[in-house]
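The values are calculated or read from the model by the stated rules, or taken from the named source; none is laboratory data. Note that the structure is predicted; figures quoted are calculated from it, not measured. No Cβ is skipped: glycine too gets one built from the backbone with ideal geometry, and neighbour counts run over all protein chains shown. Note: areas computed on protein heavy atoms with side chains; ligands, DNA, RNA excluded. Shrake-Rupley method; radii C 1.70, N 1.55, O 1.52, S 1.80 Å.
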There are 2 protein chains.
Amino acid sequence: MASDVLPIGGRAVTAHRRRFAIGVDFGTNSVRAVVVDVADGSEVATHVWKYPSGEAGILLDTKDPNLARQNPADYIEGFYASVRRAVAAAKRTRGFLVENIVGIGIDTTGSTPIPVDRDGMPLALRKQFRRELAAHAWLWRDHSAFAEASEITDKASKHRDRYLTKCGGVYSSEWYWSKILHCRRSAPRVFQAAYGWVELADFVPAFITGNTDPHLLARGICAAGHKAMYHDDWGGLPSERFLASLHHDLAPLRRRYAERAVPADRKAGALTGDVARKVGLPAGVPVAVGAFDAHMGAVGAGIKQGTLVKIIGTSTCDIMVAPMDEPLPDIPGLCGIVPGSVIPGMYGLEAGQSAVGDIFNWFASHLVPQKYTARGDPHTNLSRAAATIQPGTSGLLALDWNNGNRTVLVDPNLTGLLVGQTLHTSAPEVYRALVEATAFGALTIINRFEEYGIAVRDVVNCGGIAEKNPFVMQIYADACNRPMSISHSPQTCALGAAIFGAVAGGVYRNVRSAQRKMVRARRKVYRPRKAAAAVYAELYGLYKQLHDAFGTAAYEQALGHVMKSLIAIRDRTRKE
Amino acid sequence: MASDVLPIGGRAVTAHRRRFAIGVDFGTNSVRAVVVDVADGSEVATHVWKYPSGEAGILLDTKDPNLARQNPADYIEGFYASVRRAVAAAKRTRGFLVENIVGIGIDTTGSTPIPVDRDGMPLALRKQFRRELAAHAWLWRDHSAFAEASEITDKASKHRDRYLTKCGGVYSSEWYWSKILHCRRSAPRVFQAAYGWVELADFVPAFITGNTDPHLLARGICAAGHKAMYHDDWGGLPSERFLASLHHDLAPLRRRYAERAVPADRKAGALTGDVARKVGLPAGVPVAVGAFDAHMGAVGAGIKQGTLVKIIGTSTCDIMVAPMDEPLPDIPGLCGIVPGSVIPGMYGLEAGQSAVGDIFNWFASHLVPQKYTARGDPHTNLSRAAATIQPGTSGLLALDWNNGNRTVLVDPNLTGLLVGQTLHTSAPEVYRALVEATAFGALTIINRFEEYGIAVRDVVNCGGIAEKNPFVMQIYADACNRPMSISHSPQTCALGAAIFGAVAGGVYRNVRSAQRKMVRARRKVYRPRKAAAAVYAELYGLYKQLHDAFGTAAYEQALGHVMKSLIAIRDRTRKE
């Protein structure tokens, strides 16, 4: 296959032969395969396949609301089904030939580790573990390991290698080692049967290329660096001694992990004959190393130095890159600073908001009167009404912490707050205040980047809310007092994966060259309005006061204490 | 008439001759007349008459949402209609004779001052003023004089006579002088035509007894002391010099006001022949001096030393009495400390919450999904769902300041606050948190009384919410960790007025003796539940922290500033 590829680097591809890459995006509820033309990134065909297991693809446990698992069989069947149908659809396009598929890229949710056997196959595929929830994939949003997370935070922050400096200073219950440790404690039989643990982003490329040996399979730097405390500064994963301090059974896992994690422009391998047959492609198509959806999405949105890519959905991921030839400080509150995790050769920086669309959805489902819900979409109705409200006039201000605060406080144990209610406060006013609160959360992240010398020259927004809600995006532009661009492709994650497929397939010399051809200009730009921006500047000052009063140690004895105590009382009384 | 009266003091009345008193309660939307048996306070007949003018009796101005007036003609016609029909209904009772009516008592809303002519007749009754809103009665809830209120607060608090020490330190936009001053400024033609200003509580007794001369008519100590800064310490009303400092035209009003204000056990006069004929009673029936509804309601609920009477409706009035032979400190934050305003010979102490039912109504109308509003009463549905939630488990905490805070902060410029929201917070949880917040507000008032040496041994609740909502009352019992009694009569205000009618009519020596016969035991007692009270004790500690952080000067530079700034931005941007 490699011999087919023209060494064209950044130049235009020849007109007489179209070539294609496939991006496969494993989301929370479904998997999407996209076939794109590598010349310009245009979409030729796409197919979305919903995971059949559990509730919308998620295995739940009525006894533990923190638990969220997925059936690894859905990933395998999902790859087959989505790629097969996307390829079949692409065949109706003039000039498309399966022989002209140059590479496949994979992005997934994460941290979503899967316990695997000695051969790298998921335990859950075995009959004896099929009903064992611990043997399935531990979905990113599983929070059952919250106790382990704080234990790891505690131990890692005291370790001389300062393992948490590259991931914001706090280890999350969503992440790799928390989940593995929790499995050791809560499901020891599964833990003992697991030879290793593989991130979903690594599992799919491994599986479709047949390189599944846990010792050898390509571990992507994205998952390793952002979720498993992997960093060159301390020689890869945390030391065996450190892992043993968490639990002596964790130490061997370090040896069952590749020596070096690699960026996603590398090849994980070539499509096996077996898998190729199932999806209707020739065997041997190059497959790139996998990475997380937000990171590949940032590439699909055209990320480069100075560009912040925000992927705004139920929560947000905020991604930037920074050159590696300049010193970069540890930035407190960022979820991760990982060399090569977004664009190989650059630092990848990840921040995020724990809830954005989730807050709007919560409000619309729980606190909105019939007037806005009886006909049509509640969000459309509320946005329409809220758009007529001028900034500041409601007197309301909210904190966007209904699901905690990821950046910059890195504290899941925070809650929402609303202040300014009168006897006339209306649902659209509250809705607008919640949107504004998430905009102020976004601004806090932008400011944190800039405080540490990472200039934000440009903000590109993607994801469902950026695509569909001009009301929200205009508030973001006004509240941040910056233009807010919308990415050209509505499927930046799958496009990003296809870009990595094209690079791994040798069409482009590097990701930057591929982006120049395959990522098109922004579709729309929301510009800040002067009067609104002035009011929001004032409101942001007040937001920041509440933020610091309730969220930082400075006020811990005063009002941070109130929020924390309420959570403690809640958790205690719920058990009583 | 007086010769008919048996001097029975506290002893049982003779069985062979029943005697009756009439209580007339002028509410915000209607007037209620009740005929009661003076032997035991039992209700013989009642009639409610709705004011026909404006919206539910209130004259509004679309240009000024703060404005709320009433047509004085409604009061006159309301007295005629309600008393006539109550008396007619009473005639169907065995043993009832109009000749056996011993006295009439009047209670009204307030401060509701009416501009009157030289004869004491409302200007609004004259043709040339009929369409002039300023010439009508200025209903208690009219807030158009907010600027004048803060001017009066400013000047009175600096005055050497410390005119505000008996009314909480802040003069309200709802009160007598604010409204008069605002009339001088906004409607000078009406002001010039007005010879005097008479509180509704004084106007009705004056009108029905024919003693309407502004110089001479009986001014009740209740209205004078609580709303007009009348106090013996400085010789009655504030000095002419002080009034002139507000506006030189205000000074003469002091001379057109009775030398001494009097308690409601005194006779304002006797029913005129003309009025008597209109209501079907003999002329000459004694009429007691008027007072405010909450104060007479407290008497009807059995107030005595150590008993706090809470009248819980859209807002609350909290009334206590204290002996005058012991020194009583000025209690900061109370709306009034007035000798004789509740029970003659005792201090009357008034506190209150600016919004209680109003907050529940606001929430139910603006932020409750169809599920709870589609069928039946939203409050019933929400209460039922909220009653199943255990204290503390929602993690929510609210401040009950949607309409400001009357006691103990005396600050209308405060707003509501809700903290603790997650992505699962439900409408019944918020509803319960709002109820709990009002309960904590109630506890703050109880604590303030006790901090200043007024022991609260007993709490009697009346008003719509106390009557109808066991869910709310149980939370009050738990949150305050005290039994909460419900008054026996559902019409404590009208009963209280009838008690004053009976005393003024000479049936009883004093109010206390009348209460012993005419007020029956509590209908129901809600007792605190130990486990709930323990959780609420913790939550109240947190409520108090938020209360002090957002409401007191201690934090003014920090979080009080946030709330105040939001209000300032709101008011400014609304004008822009």
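Summary of computed values
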| quantity | calculated |
| --- | --- |
| Kirkwood Rh in Å, taken over the protein assembly as shown so that all alpha-carbon pairs contribute | 33.5 Å |
| Cβ-based charge dipole, the protein assembly as shown, positive-most Cα from B:Thr573, B:Gly273, B:Tyr230 | B:Gly273 |
| The protein assembly as shown: antiparallel DSSP beta bridges as a percent of all, rounded to 5 | 75 percent |
| Label zone at A:Ala89, where the point sits 7 Å out along the Cα-to-Cβ direction: region A:450-494 residues whose backbone N lies under 13 Å | A:491 |
| Farthest positive-ward along chain B dipole, Cα basis, beta-carbon charges - from B:Leu217, B:Ile22, B:Gly95 | B:Gly95 |
| Three-way shape call for region A:315-368 based on the alpha-carbon gyration tensor, with the a/c threshold at 1.5 | prolate |
| Part-to-part distance (alpha-carbon centres) for region A:272-329 and region A:342-415, which is given in Å | 25 Å |
| Cα-derived Rg to Rh of region A:395-447, Kirkwood definition | 1.02 |
| Only Lys, Arg (+1) and Asp, Glu (-1) charged, at Cβ; chain B dipole about Cα centre in debye | 1340 debye |
| Karplus 3J(HN,Hα) series, Hz, for region B:367-383 with 6.51 cos²θ - 1.76 cosθ + 1.60 (x for Gly, Pro) | 9, 10, x, 3, 3, 9, 10, 5, 10, x, 7, x, 5, 5, 5, 5, 5 |
| √(5λ) per eigenvalue of the Cα gyration tensor, region B:49-128, largest first, Å | 31, 16, 11 |
| Whole-number Å³ per residue for the convex hull built on Cα positions in region B:5-291 | 127 Å³ |
| Ascending list, in nanometres, of distances separating the A:Arg189 label from those of the other copies (7 Å, Cα toward Cβ) | 9.3 |
| Residues with amide H under 5 Å from that of B:Tyr347, placed H, sequence gap 5 or more | B:Ala322, B:Met324, B:Gly340 |
| Solvent-accessible area per residue for the protein assembly as shown (1.4 angstrom probe, square angstrom) | 36 Å² |
| From phi via Karplus (6.51, -1.76, 1.60), per-residue ³J(HN,Hα) for region B:449-455 in Hz, x at Gly/Pro | 4, 5, 4, 9, x, 9, 5 |
| In the A-B interface, the accessible area buried, summed over both sides, Å² (probe 1.4 Å) | 4500 Å² |
| Label point distance in nm, A:Tyr452-A:Arg254, each placed 7 Å from Cα along Cα→Cβ | 2.5 nm |
| Euclidean distance between Cα centres, region A:478-529 to region A:136-207, Å | 31 Å |
| Three-way shape call for region A:252-312 based on the alpha-carbon gyration tensor, with the a/c threshold at 1.5 | oblate |
| Net dipole in debye of the protein assembly as shown [+1 Lys, Arg Cβ; -1 Asp, Glu Cβ; about Cα centre; nearest 20] | 2200 debye |
| Shape of region B:124-191, Cα gyration tensor, a/c cut at 1.5 | prolate |
| Computed over region B:2-160, Cα set: Rg, Dmax in Å | 20.2, 61 |
| Computed label-point distance, nm, for sites B:Arg162 and A:His424 using a 7 Å Cα→Cβ extension | 3.8 nm |
| Cβ-Cβ FRET estimate between A:Leu328 and A:Lys468, R0 fixed at 45 Å, reported to 0.05 | 0.80 |
| Extension reserve of the B:Asp213-B:Asp232 stretch, reckoned as 0.36 nm per residue once the Cα distance is removed | 4.6 nm |
| Centroid-to-centroid separation of region B:32-46 and region A:65-104 [C-alpha atoms, Å] | 83 Å |
| Chain B - convex hull of the alpha-carbon atoms, volume per residue in Å³ | 159 Å³ |
| Distant-in-sequence amide H partners of B:Ser30 (H built 1.01 Å from N, under 5 Å) | B:Tyr51 |
| Alpha-carbon gyration tensor eigenvalues x 5, square-rooted, for region A:156-210, Å | 25, 18, 9 |
| Dipole magnitude of region B:189-311, debye to nearest 20 (Cβ charges: Lys/Arg +1, Asp/Glu -1, about Cα centre) | 120 debye |
| Table column - 3J(HN,Hα) (Hz), region A:194-210, Karplus curve with 6.51, -1.76, 1.60, x for Gly and Pro | 7, 7, x, 10, 10, 5, 3, 4, 8, 5, 4, x, 4, 5, 7, 9, x |
| A:Asp548 paired with A:Asp154, simple spin-label distance in nm, labels 7 Å along Cα-to-beta-carbon | 3.0 nm |
| Interface residues, region B:413-433 - accessible area loss of 50 Å² or more versus chain alone, probe 1.4 Å | B:Val419, B:Gln421, B:Thr422, B:Leu423 |
| Base-10 log of normalised Debye intensity for region A:427-534 (one unit scatterer per alpha-carbon) at q = 0.19, 0.21, 0.22 Å⁻¹ | -1.02, -1.12, -1.17 |
| Where only alpha carbons of region A:499-569 are counted, the Rg and the Dmax (Å) | 23.2, 59 |
| Helix-only [θ]222 nm of chain B, DSSP H runs n ≥ 4, -39500 (n - 2.57) each, per residue, nearest 500 | -11500 deg cm²/dmol |
| Pairs from A:Lys158/A:Lys227; A:Lys310/B:Lys544; A:Lys63/A:Lys227 whose Cα-Cα separation, in the structure shown, is over 30 Å | A:Lys310/B:Lys544 |
| Dipole of chain B, positive direction: furthest Cα of B:Gly302, B:Cys183, B:Ala364, with charges on the beta-carbon | B:Gly302 |
| Shortest-first distances to equivalent copies, position B:Arg520, nm, label 7 Å out along Cβ | 8.3 |
| 5 angstrom amide H check on A:Gly269, placed H, neighbours 5+ away | A:Val287 |
| Heavy-atom accessible surface of region A:5-291: percent carbon and sulfur, 1.4 Å | 50 percent |
| Estimated FRET transfer efficiency when R0 is 51 angstrom, pair B:Ser42-A:Arg384 (beta carbons, to 0.05) | 0.35 |
